[in-house]
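The values are calculated or read from the model by the stated rules, or taken from the named source; none is laboratory data. Given the structure is predicted, the values throughout are model-derived calculations rather than measurements. Don't worry about glycine lacking a Cβ; one is built from the backbone with ideal geometry, like all the others, and counts go over all protein chains shown. Each accessible area value is taken on the protein alone, full model and side chains, heavy atoms only, with ligands, DNA and RNA left out. Shrake-Rupley method; radii C 1.70, N 1.55, O 1.52, S 1.80 Å.
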Amino acid sequence: MAKHSSVAMALFRKRWLTVVALLVMVSVTTAIAFIVRASLESSCDCRLYTTNQKRYNSSPESSKPIGVAVTQSPLSFMKSRLVLLVSHELSLSGGPLLLMELAFLLRGIGAEVCWITNQRPSETNNVVYSLEHKMLHRGVQVVSAKGQEAIDTALKADLVVLNTAVAGKWLDAVLKEHVPQVLPKVLWWIHEMRGHYFSLDYVKHLPYVAGAMIDSHVTAEYWKNRTQERLRIKMPKTHVVHLGNSNELMEIAEDSVAKRILREHVRESLGVRNEDILFSLINSVTRGKGQDLFLRSFYESLQIIQERKLQLPSIHAVVVGSDMTSHSKFETELRNFVISKKIQNYVHFVNKTLTVAPYLAAVDVLVQNSQARGECFGRITIEAMAFQLPVLGTAAGGTQEIVTNGTTGLLHPVGKEGIMPLAKNIVRLATHVERRLTMGKKGYEKVKETFLERHMEERIAGVLKDVLQKAMEHQRT
């Protein structure tokens, strides 16, 4: 008995070490704090910068392996240039992490990169400390948001990237009389879709910058219309740049062994069987992300299955992004709904995490249920498609630019009007395995064609060239 116990323990240790090794491969945009339930944690990956160094020709000739072709990065023209990145905050939200990813891509080709966090907490918390440490480790210089160093860096920089509309407040607060000197070399990267960001306090300098970069066409059009109608200002030249999946995430998505191990591990932690069908919404738990409407749709789908007496494996809803430590009224509502409908055995709440790869490997369908104007882009959607998952998404925002309705997923209306259509789509994919798999394969093909890291680099490179050209022309005049 003792021998069997020791063998089992050895197998468990071996399996867990394999899982940890796989998790370390995930990129900085998806690997920050892997939490299964509340008991398992892992730190974010540190391979992105070193991978870029290996992949691109930024090392001396003598260090190149003989006979191995080196790919030229689309961003290689940024080598040795000074770039200042200004973020309104440093957190685990999408905006700051995207800017960090750009920082590492630029460092990977030899650019000098400085980072400023405008709204840095007075006391450094674990998240800020960890993220700043990652940047310093990759050669990104972290500069105080205020003071002469910030002004000097902005004046010397070849390019200044303001990240999100809120970052605009940094200009007047810090640069003051130097603002006109800096604006001609500013690229403003905007991700917001909510109306309260259309304030002159944030964006009064927007017409005078070298360019704006926005993640989707629908968001760009929204900003163009709202700035003209509400603020009476004109947008600068605006570039739409769809995002791409990191090479590290694609490595996991295309590794069948890695996916199988992650799938088994996560499903075991959730207490579901391999044959069960999992529908997952992976997003911060807030009303705008639509978890409440998703759970109502999920409940209705269970009722349809019962009424039609459909013979199916159990279906489950997995809500990734929970945070009960915040004592949010909305999350309490979600859990009370689950209890009131007696579906606790079929709904699983998972703590907030940005290490999405294990969950994408474990589930069968992604639900993107963002409400109102939808997601500006919704990177989780293309990450799910990389894992060959069909997407059930709202017909709003950037999701419509990613999901081909009826081919890579199914779209439904926002609001209460979307509850029953989403419920029916859940049943449709639960009952048609072949359709589910075909949609997943089509989504993967679309990712390979359009949404890889190199595609994003090429799109960003075109924007940076345009902004640098404008900055040089302004300097000459």
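Numbers at a glance
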{"read-out": "Rounded percent of accessible protein surface that carbon and sulfur make up, segment 99-201, 1.4 Å probe", "value": "48 percent"}
{"read-out": "Reachable aspartates and glutamates, given that their alpha-carbon falls under 13 Å from the alpha-carbon of residue 134 and they are not under 8 places away in the same chain", "value": "45, 101"}
{"read-out": "Burial order of peptide ranges 334-347, 380-393, 461-474 (average beta-carbon count within 10 Å, highest first)", "value": "380-393, 461-474, 334-347"}
{"read-out": "Under 22 Å from the Cα of residue 342 - lysines, other chains or at least 8 residues apart", "value": "309, 329, 416, 424"}
{"read-out": "Accessible surface, per residue, of segment 414-477 when the full set of protein chains is kept, probe 1.4 Å, Å²", "value": "53 Å²"}
{"read-out": "Kirkwood hydrodynamic radius of segment 311-408, from inverse mean 1/r over distinct Cα pairs, in Å", "value": "14.9 Å"}
{"read-out": "Solvent-accessible area per residue for segment 139-241 (1.4 angstrom probe, square angstrom)", "value": "42 Å²"}
{"read-out": "Peptides ranked, highest mean first, by Cβ atoms within 10 Å: ranges 352-359, 112-119, 225-232", "value": "352-359, 112-119, 225-232"}
{"read-out": "The chain: calculated mean residue ellipticity at 222 nm from DSSP helix runs of at least 4, using -39500 (n - 2.57)", "value": "-13500 deg cm²/dmol"}
{"read-out": "Helical segments meeting 20 Å axial Cα length and Kyte-Doolittle -0.5 threshold in the chain (DSSP H)", "value": "2-23, 94-108, 256-270, 291-308"}
{"read-out": "Using alpha carbons only: equivalent-ellipsoid semi-axes of the chain, gyration tensor based, whole Å", "value": "39, 27, 21"}
{"read-out": "Summed residue charge, Cβ within 14 Å of residue 145's Cβ, Lys/Arg positive, Asp/Glu negative", "value": "-1"}
{"read-out": "Relative packing of 202-212, 360-370, 234-244, which averages over residues the other C-beta atoms within 10 Å, highest first", "value": "360-370, 202-212, 234-244"}
{"read-out": "Out-of-range pairs (alpha-carbon distance over 31 Å; input 146/234; 169/446; 352/441)", "value": "169/446"}
{"read-out": "Within the accessible area of segment 256-374 (1.4 Å probe), percent carbon and sulfur", "value": "48 percent"}
{"read-out": "C-alpha center-to-center spacing [segment 226-304, segment 116-133] in angstrom", "value": "26 Å"}
{"read-out": "Inter-probe distance in nm under a simple model that places probes 7 Å from Cα toward Cβ, at residue 273 and residue 310", "value": "1.8 nm"}
{"read-out": "For residue 239, net neighbour charge (Lys/Arg +1, Asp/Glu -1) across residues whose Cβ lies under 9 Å away", "value": "+1"}
{"read-out": "Environment charge at residue 380 (Cβ cut-off 14 Å; Lys +1, Arg +1, Asp -1, Glu -1)", "value": "0"}
